[in-house]
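Note sheet for the following structure.
The values are calculated or read from the model by the stated rules, or taken from the named source; none is laboratory data. Everything numeric here is computed off the predicted structure, so don't read it as measured data. Here the Cβ positions follow ideal geometry from the backbone for every residue, glycine too, while neighbour counts run over all protein chains shown. Only protein heavy atoms, including side chains, enter the accessible area calculation; ligands, DNA and RNA are left aside. Shrake-Rupley method; radii C 1.70, N 1.55, O 1.52, S 1.80 Å.
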Amino acid sequence: VMQACDQLLDLDAAKRKMLSFIESRMTIFAPNVCALVGSGVAAQLVAQAGGLQQLARMPSCNLQLLGSKRKHLNGLSLASLTPGQGFLHSAETVVKAPPDLKKKAVRLLAGKCALSARVDVCHEDVTGGVGRRFRQEIEKRMDKLQEPPPAKKPKPLAAPDDKPRKKRGGKRVRKLKEKMAMSEMSKLGNRVAFGVAEDEVHMGGDSTKGLGMLGKFKQSGKLRVQQKEQKINLGKKAMARRGLTAAAGGSSGATGGLSSTVTMTPTTGMIFEEMHTDGTGTVTPARLMPVKKEDLKYFGAAKFHQIKK
């Protein structure tokens, strides 16, 4: 057992020595990654990935999990373990970030770290300028996220619009107004007769509701129903077909054969008399018109015959 423990300690010391050597050489091998996350974190990422080329080929979502610890259900306490947190969580940019923005900082840092590793593999910038620029962008982004929201400015009230607005009209709108209008029952319920006590209805508990003039209209208990005016909107041709031209106030002055007129007599007063017209505009009372033969044939006899069964 002691020999196994000594071997573990020797392996740990060799690992630390190798990491320190890689850390001292990281500024030469990967200057941009070192400028972005630091030489210690860069050495851990390169050692865990297996080389700088393997690190450059790795996507940013996998960089976030490099160095993360798994939960082992071996009966020990798991309170001190931080699963899902890799080497990037120990970078200076993530450590300075507030707790609610750490995941956001890790995602930003992983994306920029993958780009910096690819720049180092291609040897495009050996001075580390790309890594320093990426780090400044991340710091500005984190500062922007930590800024308080801007204060709401009081907005002035809009200028009153007193101009009359256009209102839609038509059959549909009239039907809608009739549907939403107050009914006759509601109108009578809101009215109160002068000097007369209104009837009340018990609504449950101590509340009551007055009935107003409901049931008191003309001592009948019925509601008043208003008669709607029926307007006939017909064209000139339709009115002419129905014989309504003269009744509607035509300019010709001619009346139909069955139209009546009012005459005043000194003895009987006002009487209604049937008039006839010859089509030229001349109107003659029916009693002064000559009797036709057809009328004498069928309506000449003024007697009623009783038929025996």
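Whenever a residue of the range 49-64 is under 16 Å from VAL106 (Cα atoms), its partners that are among the hydrophobic types (A, V, I, L, M, F, W, C) and open to solvent by 40 Å² or more (accessible area, probe 1.4 Å), lying with C-beta atoms within less than 9 angstrom and at least six residues away or across chains, give the pairs SER60/LEU115; LEU63/PHE87.
Would you pick out the residues in the range 182-219 that are of a type outside the set (Asp, Glu), surrounded by 10 or more Cβ atoms within 10 Å (Cβ to Cβ) and part of a loop (DSSP other than H, G, I, E, B)? Even if it seems obvious, please write down each step before you answer.
Filtering the range 182-219 for residues of a type outside the set (Asp, Glu) gives 182-183, 185-197, 201-205, 207-219.
In the following step, the residues that additionally are surrounded by 10 or more Cβ atoms within 10 Å (Cβ to Cβ) were identified as 185-193, 201, 208-217.
Hits for the range 182-219 are ARG191, VAL192, ALA193, LEU211, GLY212, MET213, LEU214, GLY215, LYS216.
Scanning the range 130-155 for residues that are touching a Pro at 6+ places or on another chain (Cβ under 9 Å) and of a type in the set (Gly, Ala, Ser) yields one hit, GLY131. Taking the criterion of being over 53 Å from the mean Cα position of the chain (by Cα) and either of a type in the set (Lys, Arg) or open to solvent by less than 20 Å² (accessible area, probe 1.4 Å) (or both), the only residue of the range 47-70 that qualifies is GLY51. Filtering the range 4-22 for residues that are under 20 Å from HIS123 (Cα atoms) and either surrounded by fewer than 21 Cβ atoms within 10 Å (Cβ to Cβ) or not aliphatic (A, V, I, L, M) (or both) leaves a non-empty set.
Before we move on, is CYS113 on the phi < 0 side of the Ramachandran plot and open to solvent by less than 80 Å² (accessible area, probe 1.4 Å)? Before you say what the answer is, go through the steps one by one.
Details: on the phi < 0 side of the Ramachandran plot: yes; open to solvent by less than 80 Å² (accessible area, probe 1.4 Å): yes.
Against the criterion (on the phi < 0 side of the Ramachandran plot and open to solvent by less than 80 Å² (accessible area, probe 1.4 Å)), CYS113 qualifies.
Residue-wise test of (1) modelled with pLDDT under 90; (2) hydroxyl-bearing (Ser, Thr, Tyr); (3) part of a helix (DSSP H, G or I).
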residue: THR82; (1), (2), (3): yes, yes, no
residue: LYS102; (1), (2), (3): no, no, yes
residue: LEU109; (1), (2), (3): no, no, yes
residue: SER116; (1), (2), (3): no, yes, yes
residue: PHE134; (1), (2), (3): no, no, yes
residue: GLU137; (1), (2), (3): no, no, yes
residue: LYS144; (1), (2), (3): no, no, yes
